[in-house]
1. Return the FRET efficiency for the residue pair Ala83, Leu334: r is the Cβ-Cβ distance, R0 is 45 Å, and the value is rounded to the nearest 0.05.
2. Over the stretch 160-243, with the other protein chains present, what is the accessible area per residue in square angstrom, probe 1.4 angstrom?
3. Just reorder Asp198, Asp268 by solvent-accessible area, largest first, 1.4 Å probe, all chains present.
4. Under Stokes-Einstein, with the Kirkwood radius over Cα pairs standing in for Rh, what whole-number D in µm²/s applies to the stretch 170-298 at 25 °C and 0.890 mPa s?
5. Tell me which GluC sites (Glu not before Pro) from the stretch 173-255 have a DSSP coil assignment and no more than 16 other beta carbons within 10 Å of their own.
6. With the calculation restricted to Cα positions, what are the radius of gyration and Dmax of the stretch 72-181 in angstrom?
7. Please tell me which of these pairs span more than 18 angstrom C-alpha to C-alpha: Lys24/Lys50; Lys8/Lys79; Lys50/Lys184; Lys79/Lys120?
8. Any idea how far apart Ser167 and Lys230 come out in nm if each label point goes 7 Å out from Cα toward Cβ?
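The values are calculated or read from the model by the stated rules, or taken from the named source; none is laboratory data. Worth saying up front: this structure is predicted, and the values here are computed from it rather than measured. For neighbour counting, all protein chains shown are included, and Cβ atoms are generated from backbone atoms with ideal geometry for every residue, glycine included. To get the accessible areas, we keep the full protein, side chains included, count just its heavy atoms, and leave off ligands, DNA and RNA. Shrake-Rupley method; radii C 1.70, N 1.55, O 1.52, S 1.80 Å.
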Amino acid sequence: MYQVIARKYRPQRFEEVVGQAHVKLTIKNAIAQGRIAHAYIFSGPRGTGKTTMARILAMALNWEDGPSASPDPDSQVCKEIAAGSSLDVVEIDAASNRGIDSIRELRESVKFRPARDRYKVFIIDEAHQITHDAFNALLKTLEEPPSWTVFVLCTTEPQAIPATITSRCQSFAFQAVELQDVVKHLDKICASEGVAADAAALTAVALAGDGSVRDSLSTLDQAIAAFGDKLEAQAVRDLLGVIPGEGTGRILGAIRDNDPAAMLAVVDDLFRQGRNAQHFCGELARQFRNLMVMKVAGHDTRLVSAGHAEREAAKDWIEAFSQDDLNRYVQILLSLYQDLQSSTYQRFRLEIGLLKLVHAGRLAPIEEVLSGLGKGAPARPRADAMARPPADVPPSPPTAATPPAAAESVPAPEAAAPASGFLEELLRALQDAENESLVDAVRACQVDREERVVTVHAPDDWFATLDLQKPVLDAAVAAVIGAKPDVRLVAAEADRQAEQRPSGSSRNSSAASSASDDVSTRALSDPAVQAFTKRFEGRVANVVDLREKTQ
């Protein structure tokens, strides 16, 4: 009967375990010095050798010529332990034996001496699955077990084990195995199996394992079953659904060249090949993460699990994008990956998500825009600003040919004075636009025709729909005033609070209001603020004096 590679090549000596040098060194020294603990916790990612190490520890303790850090795997005791048939090495699956009754049976078994061997070893796999009450029942046994008993708790979730248990055990944290170590191990097994595999193919298999030796061996078994005794990189990548290097290059090129059509062509090819959209997105996020890390730490950093070919291809791309750009792309891909988990229309979702990558490449950092405004240099326009049509308002009269005073057919009123006639015209224009919500919102306004500044007092809840309402209000005011104005909105709540203040504090209120107005005036008249609001076609909703906040 065929035995899978992961079981066939399961380590039988400490030296055969891939990685985990710190664990092997400590345990071997403890055995050599006779400092064997009564309880251990082996924690770490799946497939990194926790249960295997527990079995080798049991072999080392119970070998006929032991305890020894170098047991003979061909001895009768070691063969029984490896086969799981030893009476004195008990393996318990805590996922199916997690209750208090199972632990009580375990406590009864601990009382009896080993049937033949030196130690009675209990290996509890998936130990985090044990219930709270069952852990409590195990406390006393773990703290003061018989001298012939050794417990090994293996878990992928050490944080789920109570502190009262952890404090009674020696803990060893297993680590994900380095990519190079996994590739070397796979190459050794391929040589034993008579399989010819190039380095790129083995790298793809190791990357699929993501630091887990067992997962990598299972993937290698699958690849050998598919392609026989010769493994080629491209065939293995297609089997695993890995994005080829040229595919990643097409995506990065579409972002760099601002080419949405090329990005949509990538999605079309993906679905024609029958690829899984979410798996594709996850693999793409991994590659963009690698680029981001290489941008920071260099293309040869050990922080990235990548083959030689991928590292070489990344050299040019990390120069084409900034660190902020790569950070933004990774965030978009992670969000897209989550969306694809529950999305029915996966192609549509993937197209939208990848087009976001293209548009995100057009965005200018706010620091660049501000520095451009400060130096008088034109800032890079936003993508949506290039495509958005201008507001449908009458154009401003040419200032070179017409003096400011002649721009109005009626004399300009006193600056910042209430304009009841203007308000009537504004309300009439809003009614013509059939926008009753704006008619109700506009309570009062002040107009400065020379400066083309209109101050409108609106309810606070109106600001929630600012993006929808303000363009309509801008157009209506422009139709009345005869030019594109600067419409400033003031929350009506501020007016009501001023009216409700006690009369005894009117002097203080007036002084505070005057000071606030002075701060607002100075802030709004600042050239940088004016340039910023004009550049983004925005407004200043509120001015806060930070000196008051710190007092």
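1. On the way: r = 44 Å, r/R0 = 0.99.
With R0 = 45 Å, the Cβ-Cβ based efficiency is 0.50.
2. Values: 3830 Å² over 84 residues.
Normalised by residue count, the accessible surface of the stretch 160-243 is 46 Å².
3. Details: Asp198 60, Asp268 40 Å².
Largest accessible area first, the list is Asp198, Asp268.
4. Numbers: Rh = 16.3 Å.
Estimated via Stokes-Einstein, D reaches 151 µm²/s.
5. On the way: sites: Glu178, Glu193, Glu232, Glu246; in loops: Glu178, Glu232.
Of the GluC sites (Glu not before Pro), the ones in loops of the stretch 173-255 whose Cβ has at most 16 other Cβ atoms within 10 Å are Glu178, Glu232.
6. Cα-based Rg and Dmax for the stretch 72-181 come out at 15.0, 46 Å.
7. Long pairs (Cα-Cα over 18 Å): Lys50/Lys184.
8. 6.4 nm
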